[in-house]
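Colleague: Okay, here's the structure, questions in a sec.
All of the numbers you see were taken from the coordinates with simple rules; none came from a lab. Keep in mind the model is a prediction, meaning the values are calculated, not measured. No Cβ is skipped: glycine too gets one built from the backbone with ideal geometry, and neighbour counts run over all protein chains shown.
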Amino acid sequence: MASPGSLVEYFHNKKLLCALCLSVDRKDQLQVRTEENREDKVAKTKLVLVSDERLSPDTEQQAIVQWLKAAAQRREQCCQDISLQELWELTVEEGCAFSLNDLAGIQFSKPASDQLSGLYRALERDKLWFVRKGQDYQPRSAEQVQETRQRLQAEEERGREREYLARWLKALWNEQSLPTDPAFEKSQSRYLNWIREVALHGAEAPRFKDIQALFKELEIGGKDAAFRLMLKAGLWGPDEFLQLHRCHPPIDFSLDLAASAVDLRERLHSELNNPERLDLTALPAVTIDDPWTSEVDDGLTLETLEDGYRVGIHIADASHFLDPGTPLDEEALERGTTIYLPERKIRMVPDILGDELCSLIQGQERLAFSFLVEFDSQMQVRSSRFANTKIRVAQRLNYQEADALIGSGQPGDLQTLYQIALALLTRRQQAGAVTLPFGRVNIRVDYDQDNQPQISITRDQSEAPAQTLVSEMMILANGMSGAYFAEHSIPALFRSQPEPEKPVPADADTSPENLYKLRRLMKKGEVGMTPARHWGLGIDAYSQSTSPIRRYVDLIAHRQLKSHLKTGQAMYTAEQLEPMMQRLERTTHQAEQLERERKQYWTLRYLEQKRWAELDAVVLQNMPDKHWVQITSILYETDCPQVPRRPMPPGTRFKVRIETVFPREGSLRVTPVLEDDQD
């Protein structure tokens, strides 16, 4: 029993301490002094061991502590000297549990208090040979020892791994020299993959809590810590497109698919000699595209007739190269569309098809599926037909060059084509088309020799002559496709747009604030298998067919048209087309989402470079506590704080100052600049 002067042992903060009992109160609470020279109160029930060694409580305090430390050292030494394996070998065959005193008797015959304490310490720390059963200790079986040894070795290995990875991640975070150990290379990759998932999916990542706990332990801070570690590891760039990783659309083509595309080169050469294909190479075709366009999928020709004109709208004949059901075709269907990002494009077909075999390259003969339309002298459509053709592009123009030629006043094919386009536009407007100049911008990112992004944003001149010319010819061709499908009840994918909520007058005010209001009246376009009116275009049946290199929907249209023209039967039934339409709607929606998000990111990166600059803006709408404004040079819309006692109705022109920009969060803050603020 413990009494004043007894050496006792008990646990405090998971550490077994030696202590001297100074006194015992009526509640069996011991007042003790520990080997750490601290007074404590401990219940008798909490004592682990009571030794027969004694020391007067009146002994000088420092001497008590030294006496206790010496006892603790002896007990620790006994613990280190004990071989639990030998004790296990002596007891395992018994198949029963042993008390501490029984085991001490087997180990030491007549154990001293130091030996008893040492054995207790060894057993409490043991994870291999014995397992505690209440107050007793049960030797594990040989099989259990083997299993436990393997588990402990695995735990020890995981501990070494975690220790190494903690040092490695900390060094990576601090941009210090990284430790290297080939044994843990796979572990590094695994942890980086977990960190990648956290950067992409946040709290939804499977290992989010583990990684957050690790970051906290290593003092790696910030809500974007996972992204920054991927950056420091060199796996991502500073402008990494995370949504692309989240959606993971197919990006690169396999070697087999690329090789099969190369094999199609011979198909081009043989088909150019096909006598059944209408030869229009004598007509000087012209293409009009942006300077950076590599997939040239449409060209125009003009023939002057005795009493009118014949316009050729020539679309790259991609369907001749992509046979339905082939691996290349299945891959194109899976992708659905080319995704155009400011810094890159993710193609629907391999480069050799999009940029070479199908593309209408200047000076080279190419295959086309042509929409041939005859106009009378009043530029009214007289007749139209489709044809498999071969053409030669005589001139490639960009929009600025085409505008210059049209605006020169000199007579020529381009001038006539433009006049025909204006006539087509007028008739669409008379049919109710809404032809408002909703602004768009072109955002491009190129990289300099230091791999730094160079961002350019230009406004699309939607009302410029060349834009009008190309736009009207493509609308004409797509309208022809839609009308043919509707007339012959051919299963097809039709684009339509419901009637605006309110009538839009032809002479509507086109100021930014009014276009903003009118835009909200327009309803979203729809895709279906039944022809329906497209109110925005003023057309009763409209089916896209002018970009088969970069849209699978257009490829389907070509196949349906060509098959029906040749055999009187469409290639696809409605039952076959329905699941394809649903599949393509998903990929198209995803592509639009990626393009929209990426354009916003690069726009904000552009504005980030103009921090503190003052830019022209216009108020589009007033809200209770802010304005909705447009930065006019780049058509970017954002909110702006109100100025107290300063009314700014829609249409107010003023300047905003770019204060803070968060490209990854998709937000920025602008403040109005008052006239008296401008120096």
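Colleague: Given H placed 1.01 Å from N in the peptide plane, which residues other than close sequence neighbours of SER667 have an amide H under 5 Å from its amide H?
Modeller: Hits under the 5 Å cutoff: PHE662.
Colleague: How far apart, in nanometres, would the label points at TYR340 and THR293 be if each is projected 7 angstrom from Cα along the Cα-to-Cβ direction?
Modeller: 0.8 nm
Colleague: I would also like to ask the following. For GLU614 and THR304, compute 0.36 nm times the residue count separating them, minus their Cα-Cα distance, and round to one decimal in nm.
Modeller: Residue separation times 0.36 nm, minus the Cα-Cα distance, leaves 106.3 nm.
Colleague: Then there is this: Near LYS223, which lysines are there with a Cα under 21 Å away, not counting those fewer than 8 places off in the same chain?
Modeller: Cα-Cα hits under 21 Å: LYS170, LYS209, LYS232.
Colleague: Let me ask another. FRET efficiency for ALA282 and SER633, Cβ-Cβ distance as r, R0 = 60 Å, nearest 0.05?
Modeller: It comes to 0.85.
Colleague: So, one more: Grab every C-alpha pair in the range 460-508, bin the distances at 10 angstrom width from 0 up to the longest one, and report whole percents.
Modeller: Computed distribution, short to long bins: 20, 30, 40, 10.
Colleague: Let's test the formula: R0 of 30 Å, r as the Cβ-Cβ distance of ARG190 and GLU156. What FRET efficiency results, to the nearest 0.05?
Modeller: 0.95
Colleague: Hey, rough spin-label estimate for ASP102 and ASP81, points 7 angstrom out along Cα→Cβ, what's it come to in nanometres?
Modeller: About 2.6 nm separates the two model spin labels.
Colleague: Working out 0.36 nm times the residue gap between ARG664 and ASP625, then minus their Cα-Cα distance, what length gain in nm do you get to one decimal?
Modeller: On the way: separation 39, 0.36 × 39 = 14.04 nm, distance 2.55 nm.
Difference between extended and current length: 11.5 nm.
Colleague: Quick one: if you stick a label point 7 Å off each Cα along the C-beta vector at ALA431 and ALA166, how many nm between them?
Modeller: It is 7.3 nm.
Colleague: Compute the FRET efficiency between VAL48 and GLN176 as 1/(1 + (r/R0)^6), taking r as their Cβ-Cβ distance and R0 = 35 Å, and round to the nearest 0.05.
Modeller: 0.15
Colleague: Once you've got the Cα coordinates, tell me which of LYS14/LYS127; LYS46/LYS133; LYS599/LYS655; LYS345/LYS566; LYS523/LYS566 are over 27 Å apart. Let's see the in-between values first.
Modeller: On the way: LYS14/LYS127 16 Å; LYS46/LYS133 18 Å; LYS599/LYS655 23 Å; LYS345/LYS566 35 Å; LYS523/LYS566 38 Å.
Over 27 Å apart, Cα to Cα: LYS345/LYS566; LYS523/LYS566.
Colleague: Starting at the first residue of the range 340-345, write each ³J(HN,Hα) from the Karplus equation 6.51 cos²θ - 1.76 cosθ + 1.60 with θ = phi - 60°, in whole Hz, x for Gly and Pro.
Modeller: 3J(HN,Hα) across the range 340-345, in whole Hz: 9, 9, x, 9, 6, 10.
Colleague: How far is the Cα center of the range 346-361 from the Cα center of the range 545-567, in Å?
Modeller: Measuring centre to centre over Cα atoms gives 16 Å.
Colleague: Distance between Cα centroids, the range 410-463 to the range 577-638: provide it in whole Å.
Modeller: Measuring centre to centre over Cα atoms gives 19 Å.
Colleague: P(r) for the range 255-600: what percent of alpha-carbon pairs falls in each 10 Å bin, starting at zero?
Modeller: All Cα pairs considered, the percentages come to 5, 23, 35, 28, 9, 1.
Colleague: List, in order, the whole-Hz ³J(HN,Hα) value for each residue of the range 125-138 obtained from phi through the Karplus relation with A = 6.51, B = -1.76, C = 1.60 and θ = phi - 60°; use x for Gly and Pro.
Modeller: 8, 5, 10, 10, 8, 10, 10, 6, 10, x, 8, 10, 10, 9
Colleague: Follow-up question, since we're still on this one. Cβ neighbours within 10 Å, averaged per peptide: list 204-210, 396-402, 455-461, 469-475 in order, most packed at the top.
Modeller: The densest-packed peptide leads the list: 469-475, 396-402, 455-461, 204-210.
Colleague: Pulled fully out, how much extra length does the chain show between GLU463 and ARG382, if you take 0.36 nm times their separation in residues and subtract their Cα-Cα distance?
Modeller: Here the answer is 26.5 nm.
Colleague: Per-residue ellipticity at 222 nm for the chain, helices alone: DSSP H runs ≥ 4 residues times -39500 (n - 2.57), over residue total, nearest 500 deg cm²/dmol? Display every interim value, and only then the final one.
Modeller: Details: 18 runs with 261 residues, N = 679.
Helix contribution divided over all residues of the chain: -12500 deg cm²/dmol.
Colleague: Sort all Cα-Cα distances of the chain into consecutive 10 angstrom bins from zero, then give the percent of pairs in each bin up to the one containing the longest distance.
Modeller: Pair shares across the bins are 2, 11, 15, 16, 13, 9, 7, 7, 7, 6, 4, 1, 0, 0.
Colleague: Run the Debye formula on the Cα coordinates of the range 155-292, all scatterers equal and no solvent, and tell me log10 I(q)/I(0) at q = 0.16, 0.21 1/Å.
Modeller: -0.93, -1.30
Colleague: Percent of Cα-Cα pairs more than 23 Å apart in the range 6-143, please.
Modeller: Considering the range 6-143, 38 percent of its Cα-Cα pairs are separated by more than 23 Å.
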